[in-house]
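Structure first, then comments.
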Amino acid sequence: MGFALQFVKSQLFTSLPYPKYDFSGQTIIITGSNTGLGLEAARHIVRLGASKVILAVRTIFKGEAAARDIIASTNAKGNVIEVWSLVLSDFDSIKLFGERVQALTRLDALIQHAGILTKHFELVQGNESHITINVISATLVGLLVLPKLQETSRVYGVKTHLSFVGSDLQYIAKYKEGETSGSILEELAKKEDVNMSDRYSVSKLLLLYTVRELAVRAPLFKESKVVISKVTPGACQSGLFRDDMGWLEAMIQSIMVKLIARTTEVGSRTLVHSVKPDLEDSAHGAFLMDCRVASNGSRVDSAKGQSEQKRWIEGLFPKLESIAPGCTSVLA
Ligand SMILES: NC(=O)c1ccc[n+]([C@@H]2O[C@H](COP(=O)([O-])OP(=O)(O)OC[C@H]3O[C@@H](n4cnc5c(N)ncnc54)[C@H](OP(=O)(O)O)[C@@H]3O)[C@@H](O)[C@H]2O)c1
């Protein structure tokens, strides 16, 4: 099925199950959960009985407002929610967050939801902003929490989950930077000739390559199962498209959103599904769409995709080691 047809089928003709899972006893972290899909996912998870839900946000007062909002709408006890600082554009903040996670008694799931979409080129920590925030930082967060997820699985005899929020726009990424012979990270950091309308999709394609690699290098064992997946919520109404727009662009977008986009509550069901306690093993290393395992797309499964994945990882892992030495040693 072509992308356009699949998109319309998913957005207009697919109903997503209202979450009814049991998260009692669990500790779950959602990044970027002060707003949008992350906030609605957190609300579901609190409603479904989690013992501790950590809102990992870049602005604490926004996280505290979100916590009050969730408590008011679910009647949960105030101490169920904690608000932690996590700034994905600051590697020191990520490392501090990782240390804090190690001190938790247990961690059953982390939903790496925080992300950006912008048409403006900017370098953040030496790399283009989508690449830093949506991929490098997202992966670093994942690697730093993986040991705690593995430990929780082993000690409590449960499946634990590491879920990265992606996008089906990965299917249409052009990714011309992958055709060059030099360093991919350096190529993606060049402002000249950059195609910013492709960059968000590229970041989500590279995130899928990363998730596939992590899943291979952190396999499921009988005694410890951390299911690592990438999930798309579909096109949703949210603050993601917050770039300045001309009035015509803004009007067209608002009409499109009304016609086709899911509410953040409906979209968030996919995030909650990706960490449900009995998520099937086949989700490990997979792309989840509409609350089930979906195709990676012919590119990713092809020889070209495998070679793109290899080259990407050859650049990413040394970069991660330069930021947080030893962080990849949790992988085989
Ligand atoms: N909405 C859609 O149609 C759609 C479709 C597919 C995938 N997604 C994915 O869903 C995720 C979020 O989307 P959303 O629609 O919920 O957007 P959103 O409402 O804009 O939420 C984005 C979240 O990310 C946080 N964030 C941004 N930059 C950050 C940084 N440097 N450090 C820490 N947190 C940061 C934001 O914090 P602040 O509030 O402080 O800015 C906010 O909490 C993204 O990964 C996106 O790719 C969305």
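The values are calculated or read from the model by the stated rules, or taken from the named source; none is laboratory data. Keep in mind that this is a model prediction, so the values were computed, not measured. Methodologically, a virtual Cβ is constructed for each residue, glycine included, from the backbone with ideal geometry; neighbour enumeration extends over all protein chains shown.
Of note:
- The listed residue being farther than 26 Å from Ile28 by Cβ, surrounded by fewer than 21 Cβ atoms within 10 Å (Cβ to Cβ) and of a type in the set (A, V, I, L, M, F, W, C), out of Val202, Val194, Val216: Val194
- Residues within the range 92-101 that are within 11 Å of the ligand (Cβ to nearest atom) and surrounded by 19 or more Cβ atoms within 10 Å (Cβ to Cβ), tallied: 2
- At least 3 residues being closer than 23 Å to Phe221 by Cβ and at pLDDT 95 or above is the threshold, and among the helices (runs of 4 or more DSSP H) wholly inside the range 56-157 those reaching it are 91-102, 138-156.
- Residue list for the range 14-36, filter: within 11 Å of the ligand (Cβ to nearest atom) and either surrounded by fewer than 24 Cβ atoms within 10 Å (Cβ to Cβ) or in contact (Cβ under 8 Å) with a residue 60 or more places away in the chain (or both): Ile30, Thr31, Gly32, Ser33, Thr35, Gly36
- The set of residues in the range 37-65 that are touching a residue at least 24 places away in the same chain (Cβ under 8 Å), within 16 Å of the ligand (Cβ to nearest atom) and surrounded by fewer than 22 Cβ atoms within 10 Å (Cβ to Cβ) comprises Arg58, Thr59, Ile60, Lys62, Ala65.
- Selection over the range 102-155 of residues that are of a type in the set (Asp, Glu) and buried (at least 24 other Cβ atoms within 10 Å of the Cβ) gives a count of 2.
- Check on Lys222, in contact with a Gly (Cβ under 8 Å, 6 or more places away or on another chain) and either touching a residue at least 40 places away in the same chain (Cβ under 8 Å) or assigned to a loop (DSSP other than H, G, I, E, B) (or both): no
- Residue match in the range 233-250 (condition: among the aliphatic types (A, V, I, L, M), touching a Phe, Trp or Tyr at 6+ places or on another chain (Cβ under 6 Å) and either assigned to a helix (DSSP H, G or I) or exposed (fewer than 14 other Cβ atoms within 10 Å of the Cβ) (or both)): no
- Members of the range 263-295 found to be away from the ligand (no atom under 16 Å from the Cβ), assigned to a loop (DSSP other than H, G, I, E, B) and closer than 20 Å to Gln6 by Cα, listed by number: Ala286, Ser295
- Matching residues in the range 130-140 - criterion: being in contact with a helix residue (DSSP H, G or I) (Cβ under 7 Å, 6 or more places away or on another chain) and near the ligand (Cβ under 10 Å from one of its atoms): His130, Asn134, Ser137, Ala138
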